[in-house]
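The values are calculated or read from the model by the stated rules, or taken from the named source; none is laboratory data. Just so it is clear, the model here is predicted, and its values are computed rather than measured. Cβ: placed from backbone, ideal geometry, glycine included. Neighbour counts: every protein chain shown. Please note that ligands, DNA and RNA were not included when accessible areas were found on the heavy atoms of the full protein model with its side chains. Shrake-Rupley method; radii C 1.70, N 1.55, O 1.52, S 1.80 Å.
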Amino acid sequence: MNLFEKPRQVQTRWASFENLTAGKSCGALENKGAKGHAFDFLAAGETKTLLDVKGRGLITRIWATINDRSPEMLRSLRLDMYWDNAAKPAVSAPMGDFFGMGLGRKAAFECAFFADPEGRSFLCFIPMPFRKAARITITNESSNGLSHFFYDVDFLLNVEHTPETLYFHAHWRRERPNELGKEFLILPHVRGNGRFLGCNIGFIADPAYDKVWWGEGEVKIWFGEDEHPTLCGTGLEDYMGTGWGLGIYAQRFQGSLISDWGTRQWTFYRYHVDDPVFFDEGCKVAIQTLGGGMKKEVIALQEKGVPLIPVTIDPAMLIPVVGLADRKQPVDLKDPSVPEGWCNFWRRDDWSSTAYFYLDSHEGVFSPIPSAASRVEGLVAVGDTAARMDA
């Protein structure tokens, strides 16, 4: 849509507590228009409808801010989105995780899909089309009331959609810990035609592994019912656009917003905008739960009984990587036939992710996300001194 063109019959609307219906000439009706309803209270256990509109349209921007930005609240607020009167939400995720950053943490950043200018707000710019209706709700699944919830949903009405227009979906999941020797599913298998937009991931390292590196896993993408992936990366930090570790950075399509050995927490994202990932007849996305360290470090972990499965040794001596996955497990790394070098191994940690994708179905395709108690369990509250300050 060009800046200098006005599409026929397209109308701009904002939904907020100042105009909950987003109706024409229906805004600022309280307190004689003098900021009469800028925010609302969200009681423990309460669900509020943020948008409920009929017709064809396109959501272009969502903004929100809340006064309690603690990890517990960010993981306990559940955001749901429904398209075309569907019974199941196409989007269901903790509020904090949905807006581009996991683990109940906040940081100032901007990328192609999300932004948080000063670490106190939530912005999403992902286009979300609908043909018949759109409904967005927020549910407070914490045990505490939320005194200040501000938001607006910006959208266009009477937008013409082509038959190829897809519906926006988002799915959150967590494994604490992941199953040893198994990949973590970022996007469980979905059927249909669509586009994988990318993901943000939260990771909490198990202290049993001390400070041995955890990010060696390759991201893999399967199409349809294929047994083997078609797209396969080379390592976690590689998929995030960097290499040889994962520090703090925020760019349009990739970033790492938290890199904290003190709390053993990392959050990072990758979005496929200029490098689209289209799929026909289904898609699945996973990451290997691999770490790595020098052989002597991994032997020390084995001797402590830390759960791990060695898979490769890289001698770094211009000779091929030595595969260990086919050997009898557990591999005895002290065996003279195992050379010195960097050892990659399966490990167990706390993984969570929000996957974003478009699909040719308006109906939600996954079961409800887990309870707030299980979403919050194990999060570490860290130094956001403004976490409970008024907005």
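General observations
- Ser142 falls short on exactly one of the conditions (1) of a type in the set (S, T, N, Q); (2) surrounded by fewer than 20 Cβ atoms within 10 Å (Cβ to Cβ); (3) over 30 Å from Lys295 (Cα atoms), and that condition is (2).
- Looking only at segment 1-19, and only at residues there that are closer than 18 Å to Leu156 by Cβ and surrounded by 12 or more Cβ atoms within 10 Å (Cβ to Cβ), the one that is farthest from the chain's Cα centre (by Cα): Pro7
- Only residues that are among the basic types (Lys, Arg) and either modelled with pLDDT under 95 or in a loop (DSSP other than H, G, I, E, B) (or both) were counted across segment 247-281, and they come to 2.
- Scope segment 205-224; condition under 25 Å from Ile299 (Cβ atoms), open to solvent by 20 Å² or more (accessible area, probe 1.4 Å) and not in a loop (DSSP other than H, G, I, E, B); matching residues: Pro207, Ala208, Trp213
- Checked against (1) of a type in the set (Gly, Ala, Ser); (2) open to solvent by less than 40 Å² (accessible area, probe 1.4 Å); (3) touching a Lys or Arg at 6+ places or on another chain (Cβ under 9 Å), Ala28 passes all but condition (2).
Each row is one residue, and each column tells you yes or no for (1) of a type outside the set (Gly, Ala, Ser); (2) free of Cβ contacts under 8 Å to residues at least 24 places away in the same chain.
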site: His228; (1), (2): yes, yes
site: Thr242; (1), (2): yes, yes
site: Cys283; (1), (2): yes, no
site: Ala286; (1), (2): no, no
site: Leu290; (1), (2): yes, no
site: Pro320; (1), (2): yes, yes
site: Lys328; (1), (2): yes, yes
site: Val338; (1), (2): yes, no
site: Trp342; (1), (2): yes, no
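- Selection status of Met95, surrounded by 15 or more Cβ atoms within 10 Å (Cβ to Cβ) and either among the charged types (D, E, K, R) or under 28 Å from Phe253 (Cβ atoms) (or both): yes
- Number of positions in segment 282-339 that are over 30 Å from the mean Cα position of the chain (by Cα), in a loop (DSSP other than H, G, I, E, B) and not basic (Lys, Arg): 21
- Residue in segment 268-280 that is open to solvent by 20 Å² or more (accessible area, probe 1.4 Å) and more than 28 Å from Tyr167 (Cβ to Cβ) present: no
- Scanning segment 41-87 for residues that are under 30 Å from Pro163 (Cα atoms), β-branched (Val, Ile, Thr) and crowded, with 18+ Cβ neighbours inside 10 Å yields a total of 3.
- Some residue of segment 139-154 being farther than 17 Å from Lys48 by Cα and not hydroxyl-bearing (Ser, Thr, Tyr): yes
- Scan of segment 234-265 for residues that are open to solvent by less than 40 Å² (accessible area, probe 1.4 Å) and over 19 Å from the mean Cα position of the chain (by Cα), ordered by number: Gly243, Gly245, Thr263
- Here Arg75 meets the list (1) on the phi < 0 side of the Ramachandran plot; (2) in contact with a Phe, Trp or Tyr (Cβ under 8 Å, 6 or more places away or on another chain) almost entirely, failing just condition (2).
- Just one of the numbered conditions (1) touching a Gly at 6+ places or on another chain (Cβ under 7 Å); (2) of a type in the set (Gly, Ala, Ser); (3) in a loop (DSSP other than H, G, I, E, B) is not true of Gly202: (3).
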